[in-house]
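Mind having a look at this structure? Questions to follow.
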Amino acid sequence: MLFAAVSSIAMAQQNSVLDTQMRKMVFAQGAISQLYVDEVDIEKLTEEALKGMLKELDPHSSYTPAKEVQALNEPLTGSFEGIGVQYNMNEDTLVVIQPVSNGPSEKVGIIAGDKIITVNDSSIAGQKFTNEEIKKRLRGPHGTKVKLGVMRQGVKGLQTFIVTRDKIPVYTIDAYYMIDANTGYVRIGSFGATTHDEFKKACEQLFAWGMKDLVIDLQGNGGGYLQAAVEMADEFLSDNEMLVYTEGRTTGRHEYRAHAGKMNINKVVVLVDGYTASAAEILSGAIQDNDRGVIVGRRTFAKGLVQRPVDLPDGSLIRLTVAHYYSPVGRCFQKPYTKGDKKSYDRDMLDRLNSGELMNADSIHFPDSLKFTTKGGRIVYGGGGIMPDVYVPLDTMAYTRLHRELSAKSCIIQTTLKYIDINRKSLSKQYEVDVYRKAKAKQADNKSYKAEDLRRGFERFKSEFEVPQGMIDILLSKAKDAKIEYTDSMLQASLPMVKMQLKALVARDLWDMSEYYEIMNPLNEIYKKGLEALKDEEIFSGIK
């Protein structure tokens, strides 16, 4: 009785304080609106006040204006409404990399290599539009029509296509392929509403190609939906094993447990780096804590805070931290932070570099209070991301200064676009790209197709194609236009990696992102160490 009475009084006092502060905010806003010497934008003031309040909380609570909410949610919800093309801006012209399979643009006949010159009779070529401005012109509500003026190589004049906008899927799995006869590879870019289904579909194909072991690449994966990570982890673990749990001041404790792993996979390796965060850390932690696989790479980002979206009346959104999440053995990955000091928080990766952590695992020090033990007896740590089982130092020599500058000033991507624009027809014929496209269309429609049709041309490209001198000449011309200075020795030191990236980008434009990563991954040190770990029986001792 006494406890209930005290609790009731405390709640009444808390509500009274809240009511007082709310009335103070409304009174201040009214005073400014009616008495301030100059005209006041009350809407802007309110937005800044919201940002100010959230700034004093943790680094991940945030405010999003109504006009930005849709763009924020697209990668998570898994779709948007538009014309369905992947594109790049080649200097000031929009070039179609490829239409979305069975999407609205493909249905009316738009093909890879087409240049979109006009949208609803308004020119978009030569206008230096931003990517956001281009999106505004191409996207729109489902069922609306847009008139496109298209230039196509070998065809005189401007062709006209009327495209009916439709829902376009946003994929969160960037790539999947077979590394060798037994080992599959899946790269997950983020965790959204469709991730689990995408993953199952990718693995079905990999199993058909003979997969027994799996490499999951989470490098650079900033996270997303907690539920998507839980569904993924559930595929690998035994019935009732803990996946993750969340706990907060008002939300209590909520546990997520497995329902008997469904995927018959032997060894699992997860690749991570300093930008692997949030939901990606949940999946990594579940696999590590349950002794189900080996984590390879560098210490992860360390985000262990759960955000809940709070919709505001005008369509804007607050993402408010409501809980911490904890790995199966009870460790929280969240790194320390000072409320209101986001600048120091954002400087964490630079601090890791300066401390030597990115080059040497011995520079990382965890206090004993953050030490945990898995059921299999392995030592793991909390309080600052996931420490991998196999540490891979950062290779600072992999990319030269010249290579970084060529990339930053878009010289490499612009070179690829120009080369593809000139040679797309001959390359497509030489490497049977049309056969691949037909097989992919059948795959999307769940129709039978020959697996070798997806691979035959690319396998020849991978073994035969070498970046021609003409492509390097285009690159050097772009570098000159960008006023990039270099010596011959700098160029020679950069060319091997630059050529490999150019080849990978040509593969991406002819096929897809899976082929891009299949060419680039063998240069990635974390990837290479992951493959070595798969063959190391000692590392996998004690792993299920």
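Each reported figure results from applying straightforward, stated rules to the coordinates on display, with no laboratory input. Values in this document were obtained by computation on a predicted structure and should not be read as measured data. Here the Cβ is made from the backbone with ideal geometry for all residues, glycine too, and neighbour counts use every protein chain on show.
Regarding the range 207-362, what are the three Cα extents along the principal axes, ordered largest first, in Å?
Cα spread of the range 207-362 along its principal axes, largest to smallest: 50, 42, 29 Å.
In vacuo Debye scattering of the range 391-544, one point per C-alpha: log10 I(q)/I(0) at q = 0.15, 0.16, 0.17, 0.21 Å⁻¹?
Computed log10 I(q)/I(0) values: -0.91, -0.98, -1.04, -1.27.
Per-residue ellipticity at 222 nm for the chain, helices alone: DSSP H runs ≥ 4 residues times -39500 (n - 2.57), over residue total, nearest 500 deg cm²/dmol?
Values: 18 runs with 228 residues, N = 544.
Rounded to the nearest 500, the figure is -13000 deg cm²/dmol.
Which entry is the computed volume of the Cα convex hull per residue in Å³ for this structure: (i) 213; (ii) 130; (iii) 152?
Recomputing volume of the Cα convex hull per residue in Å³ here gives the entry labelled (i).
Just to be sure I follow the definition: excluding the sites themselves, where is the longest run in the chain that has none of the GluC sites (Glu not before Pro) in a DSSP loop with at most 12 other Cβ atoms within 10 Å?
57-465
For Ala193, list long-range residues whose amide hydrogen, built 1.01 Å from N in the peptide plane, is under 5 Å from its own amide hydrogen.
Amide H neighbours of Ala193: Thr77, Gly78.
Span-like helices, the chain: DSSP H, alpha-carbon axial extent 24 Å or more, mean Kyte-Doolittle -1.0 or greater, which ones? Present the calculation step by step, with values, prior to reporting the outcome.
Working: long enough: 2-35 (49 Å, 0.53); 411-430 (27 Å, -0.32); 488-510 (32 Å, 0.39).
Membrane-span-like by this rule: 2-35, 411-430, 488-510.
At q = 0.23, 0.26 Å⁻¹, what log₁₀ I(q)/I(0) does a Debye calculation on the Cα points of the range 79-169 give, no solvent, two decimals?
Debye curve over Cα of the range 79-169, log10 I(q)/I(0) at q = 0.23, 0.26 Å⁻¹: -1.24, -1.61.
Another one. Restricting to DSSP loop positions (anything but H, G, I, E, B) with no more than 12 other Cβ atoms inside 10 Å of their own Cβ, which trypsin sites (Lys or Arg not before Pro) remain in the range 451-543?
Those that pass, being in a loop and sparsely packed, are Lys483, Lys535.
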